[in-house]
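The values are calculated or read from the model by the stated rules, or taken from the named source; none is laboratory data. Bear in mind that the values here come from a model prediction, so they are computed numbers and not experimental data. Reconstructed Cβ throughout: ideal geometry from the backbone, glycine too, with neighbour counts over all protein chains shown. Only protein heavy atoms, including side chains, enter the accessible area calculation; ligands, DNA and RNA are left aside. Shrake-Rupley method; radii C 1.70, N 1.55, O 1.52, S 1.80 Å.
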Amino acid sequence: MTYLPYGKAAGGSWSVEITPALAGWTYSGLRVADLGGDAASPSTGATSTAVTSPTAVTSPTAVTFSTGEEEMLVLPLSGSCTVTCGGERFELTGRASVFAGPSDFAYIPISTDVTVEGLGRIAFPSARATRRLAPRYVPASEVPVEIRGAGQASRQVNNFCAPGVFECDKLVAVEVLTPGGNWSSYPPHKHDTPNEGEAVLEEIYYFEVADGGLGYQRVYSSERGRIDTLAEVSSGDVVLVPYGYHGPSMAAPGYDLYYLNVLAGPADERSMAFCDDPRHAWIRSSWDGQAIDARLPFGRTS
């Protein structure tokens, strides 16, 4: 299954739990923890519960676990938290929501015991890795913000864990924000065939939609294999992209769309290189001379 509506991807008390084993692939993972207070479930508004993992010790506002063979990020989607790991302690200021601008975040290496305490909805993008890097903290002010496309394809990318921006062993993660009525991940593209200019990557889309709204995500076949998904998405939903062309991501008019992309693959050097669907690659040239959507950017730009 490539589309997992809110609740289907839950595991124990994780509101989202995607591991390589559960996804049926090798590298990419994502967990989301709803920690107490105002961290209501994104789809229902229900009160959140404690977070568990196979070896976790939990309370309503904390989770303790070991990263094992996965390197991880701690990324507040809403709220704030404190991260304790490997003799380090990081205070994450976080943000009111994903539409309030980039968040500060922390990196946690493999084979590390971690405690995260706070209030809010916290994402843990992850990837199976072999190199053990140092725990690190990055303030929101250092997250590069990029505006891509133009016209109705205008969107914002928070490149907080992109190659060349932040060092990991395997993990790549970015946030994309699309104003209501616009399209992103467009033209459709893929990362599934090893060749010059294209990286092989397993990709996760985690969605949030402003004001209880909806959006749509398309994934379809490439030479790598057959896949056919057109999903209506709302907050907390997940789409898995093991291969195939993906896009567009469509924000319904009136509802701004957010997604967290988590990617990882077998290459020694991290890359987000992609190949456009040749039928639609011409779309890029159509942006020449079009204005950037005036609703962008969301939050900070410097």
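Some observations on this one:
- Accessible surface area normalised per residue over region 193-251 is 37 Å², counting heavy atoms of protein chains with a 1.4 Å rolling probe.
- Paramagnetic label zone (point 7 Å from Cα along Cα-to-C-beta, GLU196; backbone N under 17 Å) in region 250-272: none
- The protection proxy used here, the mean number of other Cβ atoms lying within 10 Å of each residue, ranks peptides 117-129, 216-228, 155-167 as follows, highest first: 117-129, 155-167, 216-228.
- The string of couplings for region 291-298 from the Karplus curve (6.51, -1.76, 1.60, θ = phi - 60°) is 7, 6, 3, 5, 6, 8, x, 7 Hz, one whole number per residue in order, with x for Gly and Pro.
- Shape of region 243-284, Cα gyration tensor, a/c cut at 1.5: oblate
- Cα centre as origin, Lys/Arg/Asp/Glu Cβ charges: the chain dipole, Debye: 180 debye
- Surface share of carbon and sulfur [accessible, 1.4 angstrom probe, percent] for the chain: 52 percent
- Of the trypsin sites (Lys or Arg not before Pro) found in region 255-289, those in coil by DSSP whose Cβ has at most 11 other Cβ atoms within 10 Å are ARG279.
- 3J(HN,Hα) along region 171-186, derived from phi through the Karplus expression 6.51 cos²θ - 1.76 cosθ + 1.60 where θ = phi - 60°, amounts to 6, 10, 8, 9, 10, 10, 10, 10, x, x, x, 9, 10, 10, 6, 9 Hz, with x in place of Gly and Pro.
- A simple rule links phi to the HN-Hα coupling: the Karplus curve 6.51 cos²θ - 1.76 cosθ + 1.60 with θ = phi - 60°, which for region 142-150 gives 9, 7, x, 10, 10, 9, 10, x, 6 Hz, with x for Gly and Pro.
- Computed helical MRE - 222 nm, the chain, DSSP H runs ≥ 4 contributing -39500 (n - 2.57), nearest 500: -500 deg cm²/dmol
- Charge tally in the Cβ shell below 12 Å around PRO242, where Lys, Arg are +1 and Asp, Glu are -1, PRO242 excluded: 0
- Accessible surface, per residue, of region 258-302 when the full set of protein chains is kept, probe 1.4 Å, Å²: 58 Å²
- Global geometry of region 152-298, whether rounded, prolate or oblate, following the gyration tensor of its Cα atoms and the 1.5 cut on a/c: rounded
- For region 218-302, the gyration tensor built on C-alpha atoms gives a rounded shape. Its axis ratio a/c (a ≥ b ≥ c) stays under 1.5.
- Burial order of peptide ranges 134-145, 196-207 (average beta-carbon count within 10 Å, highest first): 196-207, 134-145
- The residues neighbouring VAL157, those whose beta-carbon lies less than 12 Å from its own, together hold a net charge of 0 under the Lys/Arg +1, Asp/Glu -1 convention.
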